[in-house]
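Colleague: First, the structure itself, so that you have it in front of you.
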Amino acid sequence: MATKKKQRKTEDENREFKVEWTENFAFIQNLNGLPTCLICKEKFAHNKKSNLERHFTRKHASFSTKYPTGDARKKAVQELQKSQESSTSVFNNWMQSSSNINMASFVFSQEIAKRGKPYTDGEYIKKCLINASEELFRDFKNKADILKRIKELPLSAKTIKDRTIKMCSNITTQNIEDLKLVSALSIAVDESCDINDTAQVSLFVRFMSHSGPKEELLGLLPLKGQTRGEDIANAVIECMDKHHIPLDKIVSISTDGAKSMTGVRKGFVAILKEKINHEILVYHCIIHQEALCAKTFPDEICKVMELVITIINSILAKALNHRQFKEFLFEMESEYADLLLHNKVRWLSKGNVLKRFASLFPEIKAFLLEKGVHYPELTDDQWIQNFYIMVDVTSHLNQLNRKLQGKGNLILSMLEEVITFENKLSIFAQDFERETLFHFPSLLKHRQENNSSIDKQHFKTIILNMRETFLSRFQEFKNSRATLAFVKNPLNATITELKFSPFEIDIGSFEIQLQDLKNKEIWRSKFERLCVELEILEKKKCDLSSQHKWSALNDLEKEEMIIFNAWNSIPDSYDQLKKLAFAVLSLFGSTYICEQSFSSMNIIKSKLRSRLIDENLESCLKLKTTTYKPDLLKLSKEMQAHCSH
């Protein structure tokens, strides 16, 4: 049987468009290299002369007759080309304008989300822009064009919502792409309720990306039913699986220490440990532990705080009392104009309330006496001493708390602050033994003014009990101290002190690489310079702290970034050293970032936005907390612009 002859394909012939076809048949070459008729705009699939000639002679015979070959035909075709180029230019300008409008819409949406504002603010912003532009561009010749462009901006609530979701999806994609490349990551997990009493689990991941340390919200996970350890674990595992992140990459878990998190059998940590094929480090948030240590005051001193809150509430609860008290302070020319209200949720609240109450103590006593309200404790010397010891101790605790708070703090630095405070407590106890009271200015002032006899043994016992609590609370951090210190000074590290099990380190290769690093001057000098840079940074922190410029501390370069840059410049031949260093840098020391996200969540989903669904809440919160920048150019090109009406 004869075989069927294979048919020839036109695209295999590599036909090219000929320049003379433009004048002969009124065709031009489009962007794809294929012919397009200048007269009727019809496009052809192949560069074939016979097809173009047939089309021209059959469909445009009148044109051929009116403009015979020669100068007449050439001039007519040139006019058609100019018309084509003009329409193409208009289309391109429209497309560019469309892209610019989309981009601007995304920029506005991003700013609204980052500030936790409602979607409806888009129309409000647009109205402000239009009204302001009427005056701002009054003298501009193209004022009408500017206003037209602003009016075309799509900023409706629905548009802002859609843009927010798309940007959230984009930054999540960037985050997942980075997570795929890392060998180790840590998670911080905490749970709180939103305005509708829906339990929300905040899941943050910390890892070392190519550009440095990252702390990112991986998911805000709503729990519709119970909030047991297994419910939290299932939500976290489902989120990790959804983004295809292996659980075995987790080297550390940080929680707030609640029973649902740390239960021996059914706690979140216990369940997650069963799913991970290697040992992991588990840390109870260092800030929460410090707050718990602060609660070690004996009952008689805790009752002091209760009475202080009672007195404050009696003054602030009634509007008339509050107004009269503020007027009273004004007449007395007091240092402060009002009292502070205590909030158990805020870490620094108790110390600030006590300090303000102590500053206004004489005025408060006088005001209550004028009102005929009598609290015998306010004239009891022992109660007053207990009050002032609490003022001074909480003031010291507040200083520690400020140093522990903040995003991106290095876990080793936080541990060093805690250990330093433990040693300070020993000094405080000696202060009572010597009866100098150098570190208790409020109590010292009371003793000097009233010639009071201080029960030094009682107060010394209180301080020593607090120190014992500190010593027992932070043991899991202290056990890892040598490993945590490796990132700052590997030159002093020894194999026997380091903990390798969570990080899957090849100990043999690590030991050889460490010895090589220690004996090469170029790398020794690098880490010696690192210590100098960290010393300069610490000096700046101390100077700003002494001046109480707390916000200025945020403008300083992060300690973790300085350390990352030093390790990142080391060659990959020291891969085991870098693996351990980056794993240690990825550890969470606290759940501060989770607590901070809950504050943002309450701003976003407030009483006025209580119907915000979980998907939209997560999108807004991710944009508010992320360090990634959404690819607005890509997102705007993917969308078709629709002018606002």
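The values are calculated or read from the model by the stated rules, or taken from the named source; none is laboratory data. It should be emphasised that the depicted structure is a prediction, and the values quoted were computed from it without experimental measurement. Cβ sites come from the backbone with ideal geometry, for glycine too, and all protein chains shown count toward neighbours. Quick note on the areas: whole protein, heavy atoms, side chains included, nothing else; ligands and nucleic acids left out. Shrake-Rupley method; radii C 1.70, N 1.55, O 1.52, S 1.80 Å.
Colleague: In nm, give the distance between the simple-model label positions of D71 and N352, each being 7 Å from the Cα along the Cα-to-Cβ direction.
Modeller: The modelled label-to-label distance comes out at 8.8 nm.
Colleague: In square nanometres and to one decimal, what's the mean projected area of the convex hull around the Cα atoms of segment 465-536?
Modeller: Reported value for the Cα convex hull: 6.5 nm².
Colleague: Step through the residues of segment 608-625 one at a time and calculate ³J(HN,Hα) from phi using the Karplus curve (6.51 cos²θ - 1.76 cosθ + 1.60, θ = phi - 60°), rounding each to whole Hz and writing x for Gly and Pro.
Modeller: Computed from phi, the couplings for segment 608-625 are 7, 10, 5, 8, 4, 6, 4, 4, 6, 4, 5, 4, 5, 5, 5, 5, 6, 9 Hz.
Colleague: With a sphere of radius 12 Å drawn around the Cβ of A258, what net charge do the other residues whose Cβ falls strictly inside it have (Lys, Arg +1; Asp, Glu -1)?
Modeller: Here the count lands on -1.
Colleague: With axes computed from alpha carbons, what is the tilt in degrees of helix 381-404 against the longest principal axis of the chain, rounded to the nearest 10 within 0 to 90?
Modeller: Rounded to the nearest ten degrees, it is 30.
Colleague: Report the full-extension gain for the segment A132 to C239: residue separation times 0.36 nm, less the Cα-Cα distance, to one decimal in nm.
Modeller: 34.0 nm
Colleague: Wrap a convex hull around the Cα atoms of segment 511-599, take a quarter of its surface area, and give that in square nanometres.
Modeller: Mean projected area of the Cα convex hull: 7.4 nm².
Colleague: Counting Lys +1, Arg +1, Asp -1, Glu -1, what net charge surrounds N479 among other residues with beta carbon under 12 Å of its beta carbon?
Modeller: With Lys, Arg at +1 and Asp, Glu at -1, the neighbours total +1.
Colleague: Just the number please: accessible area per residue for the chain, 1.4 Å probe, all protein chains included, in Å².
Modeller: 54 Å²
Colleague: Right, here's the next one. Assuming 0.36 nm per residue, please report the length gained on full extension of the stretch E377 to L608 beyond their Cα-Cα distance.
Modeller: Working it through step by step, the gained length comes to 78.8 nm.
Colleague: Just round it to a whole percent: the fraction of Cα-Cα distances in the chain exceeding 40 Å.
Modeller: Taking all Cα-Cα pairs of the chain, the fraction more than 40 Å apart is 53 percent.
Colleague: A follow-up question, please. May I ask which residue of S50, N131, I146 lies farthest towards the positive end of the charge dipole of segment 46-202, with charges of +1 (Lys, Arg) and -1 (Asp, Glu) on Cβ and the Cα centre as origin?
Modeller: Of S50, N131, I146, it is S50.
Colleague: Rounded to the nearest 0.05, what FRET efficiency is calculated for E435 and L537 with R0 set to 41 Å and r the Cβ-Cβ distance?
Modeller: It comes to 0.60.
Colleague: Taking a 1.4 Å probe, which of W567, W550, W383 shows the most accessible area, and what order do the others take after it?
Modeller: W550, W383, W567
Colleague: I would also like to ask the following. Ratio of alpha-carbon Rg to the 2.2 N^0.38 Å globular estimate for segment 115-170, to two decimals, please.
Modeller: Cα-based Rg divided by the globular estimate yields 1.35.
Colleague: For every helix of n ≥ 4 consecutive DSSP H residues, a contribution of -39,500 (n - 2.57) applies; sum these over the chain, divide by its total residues, and give [θ] at 222 nm rounded to the nearest 500 deg cm²/dmol.
Modeller: -19000 deg cm²/dmol
Colleague: Once you have the Kirkwood Rh of segment 195-332 from its Cα pairs, apply Stokes-Einstein at 25 °C and 0.890 mPa s and quote D in µm²/s.
Modeller: 129 µm²/s
Colleague: So which of K214/K403; K224/K578; K114/K224; K49/K634 end up more than 30 Å apart, counting from Cα to Cα?
Modeller: Going by Cα-Cα distance, K224/K578; K49/K634 fall outside the 30 Å limit.
Colleague: On C-alpha positions alone, give me the angle between the axis of helix 71-114 and the longest principal axis of the chain, in degrees, nearest 10.
Modeller: 10 degrees
Colleague: If each residue of separation counts as 0.36 nm, what is the full-extension length gain between S64 and N100 once their alpha-carbon separation is subtracted?
Modeller: 8.6 nm
Colleague: Here's something else I'd like to know. For the chain, what does the relative contact order come out to in percent, with C-alpha contacts under 8 Å and a separation of six or more?
Modeller: Result for the chain is 20 percent.
Colleague: Go through 198-210, 220-232, 605-617, 177-189 and give me the packing order, highest mean Cβ count within 10 Å leading.
Modeller: Highest-to-lowest ranking by the protection proxy: 198-210, 177-189, 220-232, 605-617.
Colleague: Rounded to the nearest 5, what is the percent of antiparallel bridges among the DSSP beta bridges in the chain?
Modeller: Once the DSSP bridges in the chain are tallied, antiparallel ones form about 75 percent.
Colleague: Another question, if that's okay. Could you please state how large a percent of the accessible area of the chain is carbon and sulfur, counting protein chains only and using a 1.4 Å probe?
Modeller: Carbon and sulfur: 51 percent of the exposed surface of the chain.
Colleague: Taking only Cα atoms, what is the 0 to 90° angle, nearest 10, from helix 441-450's long axis to the longest principal axis of the chain?
Modeller: Roughly 30 degrees between the two axes.
Colleague: Below 13 angstrom from the Cβ of E300, what's the summed charge of the other residues (Lys, Arg +1; Asp, Glu -1)?
Modeller: Around E300, the charge tally is -4.
Colleague: Note the direction-averaged projected area, equal to a quarter of the hull surface, for the Cα convex hull of segment 309-388, in nm².
Modeller: Result: a mean projected hull area of 5.4 nm².
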